[in-house]
Amino acid sequence: MKTEKILVTRSSMPPFEEYVEEIRGIWEDRWLTNFGKRHQELQERLKSFLGVKELTLFSNGHLALEAAIASFRLEGEVITTPYTFASTTHAIVRNGLTPVFCDIDEMTYCINAKKIEELITPKTTAIVPVHVYGGICDVDKIQEIAQKHHLKVIYDGAHAFGVKKNGVGVGCFGDATMFSFHATKVFHTIEGGAVACKNSDLSDILHEIENFGFLSGDDAVWAGGNAKLSEFSAAMGLCNLRRIETSILSRKAVVERYRQNLKNHAGIILPAQQQGVETTYSYFPVRFIEDIFGEDRDSVSERLAEKNIFARKYFYPLTSAFSCYSGKYSVYDTPIAEKVSNSILCLPLYEELCLDDVDRICEIILKNCKD
């Protein structure tokens, strides 16, 4: 008998009755989009939860990142990382900018801040670092570099919802931070996203960009688009935000069980635990070093799939290797990112994953372990 399929993630959902009650008012006021009261309430509640001064909601994280980059009217080159989801690189390119890829730190998998400065040229106007797997970049070093060279810093925080460093919300660093509220994230609005910043003027610009360039009245001051979050998505966000602490605790228990089962096995590299960083357990990436472990990442993934367990090679390949950028970049310019990309596997992690299943996943992984 085949066991139930275990996917790498599963969307957290509130009780059905709670969501129905939350959307009941939509039938009464017929306000489906265009910054209704659920949108406004969610925006205020998220500002409080994330500890940020300004927050603009978007229909998805990618459009939020595109808008954040566009809001600074940048030109030229942007230093970023190829070890990320497609959205990061595409958002830069779709703004008419040229990505310049920096290698990553082998422990945190975030951009290696020590290698940024050597890539800066007279054409460089910004840095777009990516917080990865619930860990965060070296925000202090990046800010130091940005101030020295007069660069904007726009963080891709798709993996960093609710993460804090020394008690400070991750959305407080840099000039702006994008969050993704996609259905697979720790917190979701089905589809959605946001940009956090400190400046109310920037917040106004972001609002204009997501609303066809209108701030008020009939005159468009930007060639904006349509990236408004619907009331149905906001309602889902309100429900999920009420139970976010419980969800994070459940995910923490899963991560701790993985660590307990997989620690001290040669050839398995577990994610780093950063000092002073309070994570929200968004992903659990594991690296497999074939020469030591006795098996490569792809083989482990295939054996799990045979048991109806589907992990994810995330991030693979590097965005610099995508066909749409063929001939423009070489993965060998970022050797650490290339090495990590070829050995990483994100294991299943979600709120409802039971610990017995975690144990079974680990048993399958360790079956061919040399030690």
Report task. Have a look at the chain and give its Rg and Dmax from the Cα atoms, expressed in angstrom. Result -> 20.9, 69
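Could you work out what % of the accessible surface of region 1-147 is carbon and sulfur, using a 1.4 angstrom probe and leaving DNA, RNA and ligands out of the count?
Details: 3710 of 7150 Å².
Taking all protein chains in place, region 1-147 shows 52 percent carbon and sulfur surface.
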Report summary line: If each K or R counts +1 and each D or E counts -1, the residues other than residue 180 whose Cβ falls under 13 Å of its Cβ total -2
Report summary line: Carbon/sulfur accessible area of region 153-258, % of total, 1.4 Å probe, equals 52
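Can you give the accessible area per residue of the chain, in Å², using a 1.4 Å probe? The partial results should precede the final answer.
Values: 16940 Å² over 371 residues.
That works out to 46 Å² for each residue.
For region 1-129, just say rounded, prolate or oblate: build the C-alpha gyration tensor, square-root its eigenvalues into a ≥ b ≥ c, call rounded for a/c under 1.5, and beyond that prolate if a/b exceeds b/c, oblate if not. Mind dumping the intermediate values first?
Numbers: a/c = 2.67, a/b = 1.56, b/c = 1.72.
Since a/c reaches 1.5 but b/c is at least a/b, the shape of region 1-129 is classed as oblate.
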Report summary line: Among 100, 279, 190, the residue whose Cα sits farthest towards the positive end of the charge dipole of the chain (+1 at Cβ of Lys and Arg, -1 at Cβ of Asp and Glu, taken about the Cα centre) is 279
Requested in this report: Name the long-range amide H neighbours of residue 152: under 5 Å, sequence gap of 5 or more, or other chain; modelled H, no Pro or chain starts.
Outcome: 126, 127
Query raised in the report: So how strong a dipole does the chain carry about its Cα centre when Lys and Arg Cβ are +1 and Asp and Glu Cβ are -1, to the nearest 20 debye?
Result: 480
Report task. Quick one: which residues, 5+ away or cross-chain, put their amide H under 5 Å from the amide H of residue 286? H built at 1.01 Å from N. Result -> 345, 346, 347
Query - Unpartnered cysteines - no second Cys beta carbon under 4.7 Å - across the chain - result: 102, 172, 197, 239, 324, 346, 354, 362, 369
Report summary line: For region 103-114, Karplus-derived ³J(HN,Hα) couplings (6.51, -1.76, 1.60; θ = phi - 60°; whole Hz; x for glycine and proline) come out as 6, 10, 7, 6, 8, 9, 6, 7, 3, 7, 4, 6
Query raised in the report: From the residues 234, 262, 167, which one has its Cα farthest along the dipole of the chain in the positive direction, the dipole being from +1 and -1 charges on Cβ of Lys/Arg and Asp/Glu about the Cα centre?
Result: 262
Query raised in the report: Nearest 0.05, what FRET efficiency do residue 355 and residue 141 give at R0 = 25 Å with Cβ-Cβ as r?
Result: 0.10
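Please get the size of the charge dipole for region 247-371, origin at its Cα centre, with Cβ charges of +1 on Lys and Arg and -1 on Asp and Glu, quoted in debye to the nearest 20.
Values: 16 positive and 18 negative charges, 35 e Å.
About 160 debye.
The values are calculated or read from the model by the stated rules, or taken from the named source; none is laboratory data. Small disclaimer: the values here were computed from a predicted structure and weren't measured. Glycine gets a Cβ as well: all are built from the backbone with ideal geometry, and neighbour counts include every protein chain shown. The accessibility values were calculated without ligands, DNA or RNA, using every heavy atom of the protein model including side chains. Shrake-Rupley method; radii C 1.70, N 1.55, O 1.52, S 1.80 Å.
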